[in-house]
Structure formats: C-alpha cells, structure tokens
Amino acid sequence: MEKILNELNPAQKEAVEHIDGPMLILAGAGSGKTKTLTSRLAYLVGVIGIDPANTLTLTFTNKAAAEMRERALKLMSNKVSYPPLLCTFHKFGLLFLKFHIEKLGRSNAFVIIDSDDKKRLLRSIAKELKIDLNLSFIASEISKYKNSLLSPEVVLEKAELPDYKKIANIYVKYQANIEENNLVDFDDLLMLTYKILSENDALRKETSNRYKYIMVDEYQDTNELQFQLLELLSSEHNNLCVVGDDDQSIYGWRGANIRNILEFATNFETCKTVKLETNYRSTEPILNAANTLIEHNSTRLGKKLHSHKGKGKEVKLLHSLDESMEAKAIAREVQKLLDAGTDPDEIAVLYRINALSRSLEEGFTKEGVGFKLIGGMRFYERAEIKDIISYLRVLSNPNDDFSLVRIINKPKRGIGKASIEKLQKAAFDVHLSLYSYIERSLAGEYPLVISKKIATSLTALVESIKLLQDSLKNELGNFINLFEEHIKLKDHYAGMVDGMDRILNIDEFYGYFRDAVIKNPDLTLDEFLNDISLQSDQDQIEEDAITIMSIHAAKGLEFEHLFVIGLEEEFFPLLGEGCNMEEERRLGYVAITRAKSDLTLCYVDSRFYKGRRKMIDKSRFLGEAGLIQDTSLKITKQAAFKKGDLVKHKIFGIGRVQAANKSGKEYKLLINFGGNKKEILSSFVQSI
C-alpha cells in the first residue's frame with residue numbers, strides 16, 4: 001500500500017488519506033478519479049482496517065462497478081476475506097428491498113419489470129382510459145415523477161396542462177396495478193428504498209451504521225432522489241465521499257441535478273474539498289482551450305486543469321463550405337493517419353446532433369474509410385428514416401407489401417395488427433398485393449373485412465398516396481413539402497421523449513432530398529432510392545474502422561486523434577426552447593477533453609437546418625475557447641431570470657416570474673401560475 005500511495009500525486013494522496021467526515025473530490029477530466037477512488041477504498045480496508053462490510057461504493061453502470069471492484073481488490077492484494085459492496089445505485093436498491101420490502105406490506109418475491117414490460121402495461125392502461133399519447137413520453141414522465149418523489153396523488157392534484165392531467169391519471173392506475181401484482185419497476189428500486197428508510201427511523205440508523213464509509217462516483221450525474229437517499233444512508237456519520245466534476249455535468253435533460261455537486265459543501269457541513277487538477281490525458285493547448293471555454297460558465301465551483309504531458313500541437317480548426325466538403329476533408333485526414341500506421345481505435349469523430357452522422361457516413365463510405373458508429377444507429381437504420389423511405393418505396397411501387405405494412409399505421413390511423421392481418425389474408429386469397437386489395441375493396445370490388453372507421457382512414461391514406469404520386473410526375477422540387485403536409489410524420493414523432501432528435505433527423509433527410517434535386521434536376525424517385533440503398537447497405541470494413549459517435553456517448557473515453565464537427569450556432573451550441581447554454585458549454589468542455597494530443601474542431605458555412613440549406617454562423621464556443629479572435633462571435637454568460645419572464649414548469653405549466661432572488665449559484669423565483677403562486681428554484685423551470 002505504501003508503494004501505491006507513492007504513485008499518487010499530492011492531491012490524490014490527500015483525498016485517499018482523508019478518513020472521517022464528508023469529502024468532495026472535484027476531479028477534472030483525465031485527472032485519475034478512478035485511481036483515487038479505488039486507492040481510497042483499498043486504503044480504508046487494507047491499511048486502516050475498516051471491515052469491508054462497513055463500506056459502500058456506488059456507481060452508475062455495472063461496467064464501472066466491475067472495473068473498480070477489480071482494481072480495488074488488486075490494490076488490496078486480494079487478501080480480504082470478502083469483497084466490499086461496490087455496485088450501482090439500483091443494484092443496492094434491489095438488495096435492500098429483498099430484505100425490507102415487507103415493511104411496505106409487500107412480499108420480497110416481487111418481480112422487476114423491464115422497460116418493455118412497463119410500456120406494455122402503460123399501453124393497456126392508456127387504451128382503457130382512451131388516452132392517445134406517445135408511450136415513450138408517458139413512461140419518461142412517470143420516471144421523472146418517481147425520481148422527484150412525486151406520488152400519483154400529488155401529480156394528479158397539481159397537473160394543470162391537459163396532457164399532464166392524462167399522464168397523471170395513467171400514473172395513478174399504473175402504480176396501483178404494479179403494487180397489486182407485486183411488481184417493481186426500475187425507478188421503484190430507489191424510490192421504495194428511500195420510502196422505507198425515511199419512514200423507519202430505527203432501520204435508517206441501523207443501515208447508516210452498517211455502511212459507515214460511503215463513496216459515490218460521477219456525483220455530478222445524481223438526481224434529487226439519489227441525493228436524498230445518500231443523505232439518509234450517511235445520516236449517522238456523514239462519512240460520505242463523492243467524486244465528480246461539475247464541468248462535466250451533461251445529463252440535465254434526463255434528470256441529473258448539478259446542484260447536488262455545486263451545493264455539496266453547503267449540504268454537508270465540515271466538508272473537505274480536494275481538487276484534482278493535474279490532467280494526465282491531454283496536452284497544454286487542448287487544456288487551454290477547455291479551461292478558457294468553461295470559464296464562461298457562472299454556475300461552477302471553479303478549477304483549472306494543468307497538463308502533465310506538457311506542450312503539444314496547437315488545436316486545429318477545419319473550415320469547410322458545407323457538410324459534404326467537411327466529411328471529405330476529415331475522411332482524407334483520417335486516411336493519412338491510417339496510412340502512417342495509426343491505430344484506428346485512436347481516431348474518433350464526435351458530433352452534438354445525431355442527424356450530423358449522415359454526411360459523415362456518406363463521406364466516409366465514398367472515400368472508402370471504414371467506421372463504426374457507437375452509442376447509436378446508422379442514419380438510414382433509424383426508425384423515422386426507415387418510415388420515410390418506406391413511404392417513398394410505396395409511392396414508387398404500391399405493390400411493395402413489406403413497406404406498406406410498415407407505414408400503414410404511421411402516423412396512427414387506428415389500424416391495428418388484427419386488421420392488417422385480415423387485410424393480408426384477404427389479399428392473399430385473391431392473389432393481389434395488399435395495396436391493390438385495399439384500393440379495390442374500398443371501390444366496392446371486394447367485401448370490406450375491416451370496420452367503416454378503418455375504411456375511412458385507409459381511404460384518406462390511398463388518396464394521399466395518389467396525390468403524391470401525381471406530384472412526382474412533375475418536377476420534384478416541391479415534393480417534400482407536399483409529402484410532409486399530407487403525411488405529417490414530424491407531428492407523429494414530436495411527442496416522443498427524443499422527438500426533437502428525431503425531427504432533426506427527418507429534417508436532415510428532407511434537406512438531403514432537396515439538395516439531391518437541386519444538384520440533379522432530372523432526378524427520379526427510383527434513382528434517389530437506389531442511391532440510398534447503396535449507402536445503407538454498404539458493407540463496412542471491420543479492420544481499420546475508426547469511431548464516430550455523439551459527444552454524450554464519448555464521455556469517459558479518450559482518443560489520440562479527435563475531430564469534433566458541427567461547431568456552428570444552432571448546432572453546437574444547440575439553441576431553442578429547453579436548451580441550457582451552460583450545459584451546452586459543459587458538453588463542449590467534455591468534447592475537447594476527450595482528445596489526448598491532436599484535436600481538430602470543424603465548422604462549415606452552410607448546413608441543412610430544419611430541412612433547408614442555410615448559411616450559418618460559426619459557434620460562439622470557438623471564440624470563448626480563445627481559438628478565434630472575431631468580434632462578431634457571441635461571447636455569453638448565463639442570463640439571469642428577471643421579473644416578467646415567462647417560464648414553463650413540468651407540473652404547474654406556464655407562469656410568469658413575479659420576483660427573482662439569487663440563491664447560491666441559481667435563482668429562487670416567485671412564479672404566478674394562473675393565480676397559483678409558487679416559490680421554485682430556477683433549475684426546475686425553462687424560459688419561454
């Protein structure tokens with residue numbers, strides 16, 4: 001263990017040797033946080049002599065837990081008789097409920113339902129209540145309620161907007177159903193654990209005294225429920241050590257509460273704060289850009305990364321006319337690296353918006369550069385893109401039964417699986433394609449095997465198909481506008497949890513179609529579909545495959561050679577309703593700090609935006625990172641909330657700010673929601 005301590009830098013050693021009392025380890029990117037955390041666990045057990053059973057280390061993924069367990073045991077020389085408990089929050093909840101769920105009057109023979117089971121149950125309840133809302137959206141909202149410790153009754157009482165009232169009604173029946181059938185969903189693992197501990201003081205004391213030394217990894221990603229659970233678990237001793245980086249808090253959209261790390265020292269008195277600021281990953285120029293960018297955020301604890309590696313190549317900027325030129329330029333740079341013997345696993349291209357992967361995929365395929373897409377799916381494999389392509393195939397060839405079945409109920413037309421099977425059987429019996437049978441049965445040539453209501457829906461679909469086919473006989477210039485006007489695919493996807501991302505993908509496809517027509521005015525739909533087939537079915541080379549992925553998916557990874565594309569306003573930072581500039585900037589910080597020695601930031605003059613080609617401005621982040629001296633660039637700080645601002649709250653709806661007072665790193669707002677006045681922290685509302 002002495003040797004291990006000697007391998008730590010002074011800040012890491014200080015964190016490892018701190019025993020009692022709360023501690024915040026503010027660990028910058030590439031600063032050895034996992035090494036520090038596992039060394040501290042090994043120090044507590046292997047040097048101080050703490051019983052492994054009295055420790056609890058919590059992570060967010062099973063993979064991280066397994067890696068940390070292995071590293072900690074190795075440091076202890078595997079001499080412990082049993083390993084310390086090192087698991088995810090939800091695994092801890094499961095273990096706890098197996099012993100204590102009977103305190104809620106339930107059996108410990110409960111069954112955990114996965115997301116598919118949850119959606120099936122929600123679907124049946126929504127059908128019973130005659131509520132037609134997107135299932136993913138309903139499931140996501142209920143998950144948020146549980147992680148905010150909002151009971152079905154509270155949500156039902158407070159919900160004001162019509163859709164949220166509907167979701168509240170579904171939530172009431174859903175929770176009653178899973179309790180009645182002794183089921184537990186993913187969120188219950190923590191919510192029920194919290195409920196039991198908060199309602200049973202003796203058990204809270206016993207559990208807290210059992211886990212006398214608690215450590216938490218990636219603390220910046222914790223939500224409100226996880227924070228409150230940690231408060232209960234550490235209530236008898238306050239020996240809570242959390243490791244995280246407020247500058248890498250990029251999951252606010254899925255419930256992570258950055259206030260947990262920003263206010264840790266306030267919430268836990270006598271807190272010791274240790275900053276890990278020596279970065280072992282990146283060179284000086286890369287860290288200078290990251291440090292300079294993130295300093296524009298006001299809601300941060302403040303630290304500055306220093307490079308252990310020292311000097312290196314300056315950060316490069318790649319300026320292209322459009323996304324096709326950008327993809328071609330990157331592909332050629334990548335090929336040079338591969339030809340020079342660079343390991344393809346050390347090369348990556350990152351983007352902020354998933355839709356930007358299309359131009360990369362196309363450009364790399366044309367240049368013969370093998371790639372693998374991580375943490376997502378290829379552009380042409382996405383459901384919304386497959387839907388558009390299926391519609392286009394039906395327009396080109398109405399007898400394509402496979403494509404017709406895919407889109408016959410997208411958007412929803414009330415045509416269920418049973419009705420489709422009836423139509424398919426009837427068409428098969430008279431040797432017709434599905435479309436021909438539908439068309440002729442609607443014309444009275446064959447008996448209707450479906451209800452009049454479904455027949456009305458199918459009549460509208462057939463009319464839309466014929467109208468769009470007629471438009472294809474003319475030039476294709478206005479076809480896409482007409483297509484969206486009649487089919488309304490964007491409306492279908494808008495209500496989903498990831499609806500914004502899907503609409504951006506649809507707009508990317510529409511823009512690509514328009515661009516193809518501009519480049520080739522004589523283009524036919526068949527030619528366009530054939531080109532797409534070549535793109536989507538292209539065999540990828542397994543060896544020499546570089547990585548392309550979103551910045552969110554890249555968190556925790558590192559690459560010797562890194563390209564980040566889309567450094568333009570409205571793409572990165574993403575602008576518009578619900579976007580948080582400080583979180584966008586933290587995402588920029590995460591992207592930059594993935595690079596070890598070679599970083600290229602890319603921007604273009606024009607790109608598809610909302611389905612049309614548009615001239616765009618370079619990203620403000622290039623100026624904020626000190627990479628471009630340009631007075632036209634926007635350099636922004638977090639805007640304050642002020643009296644008169646309109647804001648939106650998930651439960652209370654839209655309200656107007658009547659007073660705004662600084663509260664720590666954010667604002668406490670007095671908001672009038674249609675006569676119902678509430679004091680709410682600014683991180684819980686969105687500006688309108």
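The values are calculated or read from the model by the stated rules, or taken from the named source; none is laboratory data. This is a predicted model, so every value here is computed, not measured. We place every Cβ from the backbone using ideal geometry, glycine too, and count neighbours over all the protein chains shown. Heavy atoms of the whole protein, side chains included, go into the accessibility calculation; ligands, DNA and RNA do not. Shrake-Rupley method; radii C 1.70, N 1.55, O 1.52, S 1.80 Å.
Going by average Cβ density within 10 Å per residue, which order do the peptides 170-181, 236-247 take, highest to lowest?
Per-residue Cβ counts within 10 Å, averaged per peptide and sorted highest first, yield 236-247, 170-181.
Leaving out ligands and nucleic acids, and using a 1.4 Å probe, what accessible area per residue does the chain come to in Å²?
Normalised by residue count, the accessible surface of the chain is 45 Å².
How much accessible area does Tyr82 have with a 1.4 Å probe, in Å² rounded to the nearest 10?
For Tyr82, the solvent-accessible surface is approximately 90 Å².
Calculate the FRET efficiency for Val111 and Arg612 from the Cβ-Cβ distance with a Förster distance of 45 Å, rounded to the nearest 0.05.
The calculated FRET efficiency here is 0.35.
Computed from these coordinates, which is semi-axes √(5λ) of the Cα gyration tensor in Å: (i) 56, 49, 40; (ii) 46, 35, 25; (iii) 49, 30, 25?
Among (i) 56, 49, 40; (ii) 46, 35, 25; (iii) 49, 30, 25, the one derived from this structure is (ii).
Based on the Cβ-Cβ distance of Glu128 and Thr270, what FRET efficiency does E = 1/(1 + (r/R0)^6) give at R0 = 45 Å, to the nearest 0.05?
Here the calculated transfer efficiency is 0.25.
Identify, among Tyr510, Phe652, Tyr164, the residue whose Cα sits farthest towards the positive end of the charge dipole of the chain, taking +1 on the Cβ of Lys and Arg and -1 on the Cβ of Asp and Glu, with the dipole about the Cα centre.
The one lying farthest along the dipole's positive direction is Phe652.
Quick one: accessible surface of Thr278, probe radius 1.4 Å, all protein chains present, in square angstrom to the nearest 10.
Rounded to the nearest 10, that gives 50 Å².
How big is the dipole moment of region 183-223 about its Cα centre under a simple scheme where the beta carbon of each Lys and Arg is +1, that of each Asp and Glu is -1, and everything else is neutral? Debye, nearest 20, please.
380 debye
Can you show me the helix-derived [θ] at 222 nm for the chain, built from DSSP H runs with n ≥ 4 at -39,500 (n - 2.57) apiece and divided by the number of residues, rounded to the nearest 500.
Helices in the chain give a 222 nm mean residue ellipticity of -14000 deg cm²/dmol.
Using alpha carbons only, how many degrees (0 to 90, rounded to 10) separate the axis of helix 62-75 from the longest principal axis of the chain?
30 degrees
What are the ³J(HN,Hα) values, in whole Hz, obtained from phi via the Karplus relation 6.51 cos²θ - 1.76 cosθ + 1.60 with θ = phi - 60°, for each residue of region 580-593 in sequence order, with x given for Gly and Pro?
10, 4, 5, 6, 4, 5, 5, 5, x, 4, 4, 4, 4, 7
Treating only the Cβ atoms of Lys and Arg (+1) and Asp and Glu (-1) as charged, compute the dipole magnitude of region 48-100 about its Cα centre; round to the nearest 20 debye.
The calculation lands at about 120 debye.
Helix 188-199 against the longest principal axis of the chain: what's the angle in degrees, Cα atoms only, rounded to the nearest 10?
40 degrees
Choose one of Ile125, Ile551, Leu337: the residue whose Cα lies farthest towards the positive end of the charge dipole of the chain (beta-carbon charges +1 Lys, Arg; -1 Asp, Glu; about the Cα centre).
Farthest towards the positive end: Ile125.
Given a cut-off of under 8 Å on Cα pairs at least six residues apart, what relative contact order in percent is computed for region 362-475?
It rounds to 19 percent for region 362-475.
For Tyr667, what residues show an amide H to amide H distance below 5 Å, using hydrogens built from the backbone and excluding near sequence neighbours?
Counting only residues 5 or more places away or on other chains, the set is Ser682, Ser683.
Give me the percent of the accessible area of the chain that comes from carbon and sulfur atoms, probe 1.4 Å, all protein chains in place.
Roughly 50 percent of what the probe reaches on the chain is carbon or sulfur.
Quick one: which residues, 5 or more positions from Met215 or on another chain, have an amide H under 5 Å from its amide H? H modelled 1.01 Å from N in the peptide plane, none for Pro or chain starts.
Under 5 Å from the amide H of Met215: Leu56, Thr57, Leu58, Cys241.
What number, in percent, do you get for the relative contact order of the chain if the mean sequence gap of Cα pairs under 8 Å and at least 6 apart is divided by its residue count?
16 percent
Calculate the dipole size of region 373-458 relative to its Cα centre from +1 charges on Lys and Arg beta carbons and -1 charges on Asp and Glu beta carbons; express the result in debye to the nearest 20.
Using only the charged Cβ atoms, the result is roughly 340 debye.
In nm, what is the difference between 0.36 nm times the number of residues separating Asn661 and Lys372 and their Cα-Cα distance?
Extending this stretch completely gives an extra 99.2 nm.
Output wanted: per-residue J couplings in Hz (rounded whole) for region 94-100, from phi through Karplus 6.51 cos²θ - 1.76 cosθ + 1.60, θ = phi - 60°, x for Gly and Pro.
So the J values, rounded to whole Hz, are 4, 4, 5, 5, 4, 8, 10.
Could you sort 435-442, 189-196 so that the peptide with the highest average Cβ count within 10 Å comes first and the rest follow in order?
The densest-packed peptide leads the list: 189-196, 435-442.
Could you tell me the distance between the Cα centroids of region 405-460 and region 210-230, to the nearest Å?
One Cα centre to the other: 54 Å.
So what's the angle, to the nearest 10 degrees on a 0 to 90 scale, between helix 357-367 and the longest Cα principal axis of the chain?
That helix lies at roughly 80 degrees to the long axis.
Students sometimes get this wrong: rank Ile506, Ile19 by accessible area, probe 1.4 Å, all chains present, largest first.
Result of the area sort, largest leading: Ile19, Ile506.
Could you order Met581, Met615 by accessible surface area, starting with the largest, using a probe radius of 1.4 Å?
Met615, Met581
Which of the lysines could a cross-linker span from Lys13 if the Cα-Cα distance has to be under 23 Å and same-chain partners fewer than 8 positions apart are dropped?
The reachable lysines, counting only those whose Cα sits under 23 Å from Lys13, are Lys3, Lys33, Lys35, Lys74, Lys79, Lys212, Lys272, Lys275, Lys303, Lys304, Lys309.
Say a paramagnetic label sat at a point 7 Å from the Cα of Phe99, along Cα to Cβ; which residues of region 40-74 have their backbone N under 18 Å from it?
From region 40-74, the list is 51-59.
Quote to one decimal, in nm, the extra length available between Glu381 and Leu149 on full extension: 0.36 nm per residue of separation minus the C-alpha distance between them.
Result for the pair: 79.8 nm of gain on full extension.
Considering Cα pairs under 8 angstrom that are at least six residues apart, work out the relative contact order of region 205-293 and quote it in whole percent.
Once divided by the residue count of region 205-293, the mean separation gives 30 percent.
Pop out the ³J(HN,Hα) list for region 53-60 in order, Karplus 6.51 cos²θ - 1.76 cosθ + 1.60 with θ = phi - 60°, rounded to Hz; leave Gly and Pro as x.
5, 8, 10, 9, 10, 10, 10, 9
By per-residue mean of other Cβ atoms within 10 Å, what is the highest-first order of 327-334, 198-205, 457-464, 592-599?
Ranking the peptides 327-334, 198-205, 457-464, 592-599 by packing returns 592-599, 327-334, 457-464, 198-205.
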